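Here's a structure for you.
What follows draws every value from the coordinates through simple rules; no lab data is involved. Computed from a predicted structure; not experimentally measured. Don't worry about glycine lacking a Cβ; one is built from the backbone with ideal geometry, like all the others, and counts go over all protein chains shown.
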């Protein structure tokens, strides 16, 4: 697909694997320069090299901790020095806990809010000045439909993601006049490496028979009868990054196989 962003520089934070990397593949194929940032700098560098080899795109991989504003600013400056001015910034960085709220602690809440709410705040705050000067930009953050309807065992994750939705909608109203759009992509269950690792832990804990029943129960919650693939979500991200989405801002796009229809 022609997203109309050939030659632009894209930064995907949390892009070493999963949804972020899937979006990177689509935009690299469209001719973008792509920077992948991740808390695991070695993984980001390896994924950037893999992407360059498969697509021919100019790429770079960097370490970044989204909870540190100064580190985010320095990382963005390094990307622009290497690949050119940032046109598109995507924040996929996240952590996930699966536990009852009564069993959680303030340390759990702080970790979640630091990564999943302060992280997007830092990313947006660092990206806006350059985009405002150039009168162009696309910022896309990932959230979750748990933020819109609530979900047991994901209480403080849902709370942090609800904050991201409010943040994006509010900032979108402030910077639209500068040619900058901000939107949220809200995935359903997606077959990422992170999910696979979590599912293997559940299989070991539950046993094969109980786990197989759980899988069938989960699939019945989806009208499409499947969970998502990273490319399903990556395509939505790439669309919102494109010139075709220039009149879309402050929106939440649920890509979830019909699991939630808010």
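For the Cα atoms of the chain, what angle does the longest principal axis make with the long axis of helix 119-134, in degrees from 0 to 90, nearest 10?
Helix 119-134 and the main axis of the chain meet at about 20 degrees.
Can you give me the angle between helix 69-83 and the longest principal axis of the chain, using Cα atoms only, in degrees from 0 to 90, rounded to the nearest 10?
The angle comes out at about 60 degrees.
For the chain, with a Gaussian network of springs between Cα atoms less than 10 Å apart, report the residue from 233, 248, 165 with the top mean-square fluctuation.
248
Would you mind computing, in nm to one decimal, how far apart the modelled labels at residue 125 and residue 174 are, each placed 7 Å from Cα along Cα→Cβ?
Result: 1.0 nm between the two label points.
Quickly work out the residue 166-to-residue 202 label distance, labels modelled 7 Å from Cα along the C-beta direction, and quote it in nm with one decimal.
Once both label points are built, they end up 2.9 nm from each other.
Also, quick follow-up: Taking R0 as 25 Å, what's the FRET efficiency between residue 214 and residue 261 from their Cβ-Cβ distance, rounded to 0.05?
0.65
Okay, moving on. Roughly speaking, what is the stretch gain from residue 73 to residue 134, that is 0.36 nm per residue apart minus the C-alpha to C-alpha distance, in nm to one decimal?
Here the answer is 20.2 nm.
Looking only at 205, 71, 49, which one moves most when the chain is put into a Gaussian network model with springs between Cα atoms under 10 Å?
205
I would also like to ask the following. Arranged by the count of other C-beta atoms within 10 angstrom, fewest first, what order do 118, 21, 222, 157 take?
Lowest count first: 222, 118, 157, 21.
Taking the Cα-to-Cβ direction at residue 226 and at residue 95 and moving 7 Å from each Cα, how far apart do the two end points lie in nm?
Using points 7 Å along Cα→Cβ, the separation is 3.3 nm.
To test your reading of the geometry: what angle, between 0 and 90 degrees and rounded to tens, separates the Cα axis of helix 230-241 from the longest principal axis of the chain?
Its long axis makes an angle of about 30 degrees.
Picking from 120, 106, 129, which is most flexible by a Gaussian network model of the chain using Cα springs under 10 Å?
Looking only at 120, 106, 129, the biggest GNM fluctuation is shown by 106.
On to the next question. Considering every Cα-Cα pair within the chain, what fraction, in whole percent, is farther apart than 32 Å?
19 percent
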